[in-house]
Amino acid sequence: MRQKTTVKWRLFFCMMAFSACVIAFLWGMQILFFDEFYYQSTQQRMQFTCDQFFRTSTEDLANRSEELAVKRQFSVLIYVVDESSGTTSEVCSNILPGSALTVLRHDKDRLNRIYAKAYHEKNGYMLHFNLTESGELVETDAPGITPWPSDTDSDLLSERMALAMFRSNAEGKMLYILMDASLAPVSTTVSTLRLQLVVLSCALFVISVIIALSLSVHLSKPLRKLNNAAKELAAGNYAADFQVNGGYCEVNELSETLSYAADELGKVDRLQKELLANISHDLRTPLTMIIGYGEIMRDLEGENTPENVQVIIDEATRLSSLVNDLLEISSYQAGNESISRESLDLSTVVQDVCRRYQHLKERGGYTILFEGDENTLIFADKKRILQVVCNLMNNAINYAGADKTVIVRCTKAHGNVRLSVIDHGVGIPEQELSNIWNRYYKVDKTHVRGVTGSGLGLSIVRRILELHGARYGVSSKVGAGSCFWFELPEYTQQEPPLLDTPH
Ligand code: ADP
């Protein structure tokens, strides 16, 4: 199913979701769990302080409690319990103003009840109180912080947390410690925080919307531009503009790739159009000749001469080679390419070809010179290598210079057999050298009859040489001529040849 959400909106929603998570997290930490954290930490600090008292000797308790009371703002009441007689005696008291201990100290019943509970609690017994302005101490189950300031709070002086702990100290004496801390500021702090958070959340929401919108628009803009340009390209406009300004790395890369693809597609399209024009011209010319000569020979007496028949044969051969080229290239395009190798002497093969080209001497004044070493054995597909040699020689003849000379050289060097086809013709400009191997490419776009060619020859040569894993190349100088060459490893019977076909 096609995804309807655009990048812009997806980015926007992602960013909004992220902001919502941040706000929710802030609310959770600052509001929902704030008091919980606060109680937990106060409780831990009180338990820790109590532990310190149990580790302190009885006579140091007074000093220690004063010190801690000042430092941690805890009120402390410590009794020594004589378990055998069941009597308790107060050994130290440090009670800060407004402490719950002021009331508890004189409330024997409550003190005993708390003592009974603390007796069984290893980590102490925790209590929460509300201390009213009238001096009343009301025990509450849960922490006494109310969500919002309300009328019921009007009489509230402070909220308190108390810890009662019963344990023997370092000297083996049983101590009963009562400790109390104020919780009062939390309610106000939480209320303030809540208010702050509401404002902060609203501001964060508005800022998030603005940032998310501008970011998503900014980030998706180059993508939208590329999309539009790609649509233009699909509609056949190869000059579509894929340049994006201020895009990010991946988009810039995509834009470069698309520009390159558009250029290449444009090139192929242009070359294909040229090829079509050339091919139709090349097909028409020999056909016209064949028909014309055929009609002359049919209608005019004495014209049925071997020369005229030769013209028809030559033109038909030209046609056939053009059609073969086209068939060849379409078979490569379809991926039906395979080679069957055998050992062959390249010099012998090339010499045979040169012999076949000898008729050009009589008919066109061309000189084909062969220079070759002996025993130039290679392991290759004979038919294909012949095709390569013929294509290179055809080109050399087609583009030969005034001397009409083509030199074919077959040499051995460094374990390789090298074939060079040299002419002294027009040559190829340096900037065109890498293009000539491309399909449909012709250096001179103006089509000249006599210099036939589909622009496919060298691309067929390249493919065959690549299939053989051969090294190949061209050196050329405008006006001085060209030298096309390829190299294959010399085949020695001892060495097993490569049997796999490179792709
Ligand atoms: P074509 O059938 O047009 O010759 P090729 O693929 O064989 O096609 O060659 C591609 C182009 O390379 C030619 O159109 C020509 O411009 C250039 N070329 C090939 N061989 C030579 C050469 N020996 N001298 C000069 N130019 C050459």
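Give the Rg/Rh ratio for segment 68-142, taking Rg as the radius of gyration of the Cα atoms and Rh as the Kirkwood radius, to two decimals.
That ratio is 0.96, to two decimals.
Shown here are the Rg and Dmax of the Cα trace of segment 346-408, at 12.1, 37 Å. Rounded to the nearest whole angstrom, the semi-axes of the ellipsoid equivalent to segment 161-258, taken from the Cα gyration tensor as √(5λ), stand at 69, 20, 8, largest first. For the chain, the convex hull spanned by the alpha carbon atoms encloses 328 Å³ per residue. Summarising the amide proton neighbourhood of Leu96: residues at separation of 5 or more, or on other chains, whose placed amide H is nearer than 5 Å comprise Ser75, Val76. Counting 0.36 nm for each residue step from Ser320 to Glu466 and taking away their Cα separation leaves a gain of 50.0 nm. Rounded to a whole number, what is D in µm²/s for segment 237-349 from Stokes-Einstein with the Kirkwood radius over alpha-carbon pairs (10 °C, 1.306 mPa s)? This corresponds to a translational diffusion coefficient of 83 µm²/s. Note on segment 19-152: Rg/Rh from C-alpha atoms, Kirkwood Rh, equals 1.04. Note on segment 267-312: Cα-only Rg and Dmax are 15.8, 51 Å. Peptide packing: for 114-127, 388-401, 260-273, the average count of neighbouring Cβ atoms within 10 Å per residue gives the ranking 388-401, 114-127, 260-273, highest mean first. Semi-axes of the equivalent ellipsoid for segment 319-428, computed as √(5λ) from the eigenvalues of its C-alpha gyration tensor and ordered from largest down, come to 23, 21, 12 Å. Computed from backbone phi with θ = phi - 60° and the Karplus coefficients 6.51, -1.76 and 1.60, the 3J(HN,Hα) list for segment 92-103 is 7, 8, 10, 10, 7, x, x, 7, 5, 5, 4, 7 Hz; x is used for glycine and proline. Under a 5 Å amide H cut-off, with hydrogens placed 1.01 Å from N, Thr405 pairs with Thr367, His424 among residues at least 5 apart or on other chains.
Read-outs throughout are calculated quantities, based only on the coordinates presented, and are distinct from any laboratory measurement. These numbers come from a predicted model, not from an experiment. Don't worry about glycine lacking a Cβ; one is built from the backbone with ideal geometry, like all the others, and counts go over all protein chains shown.
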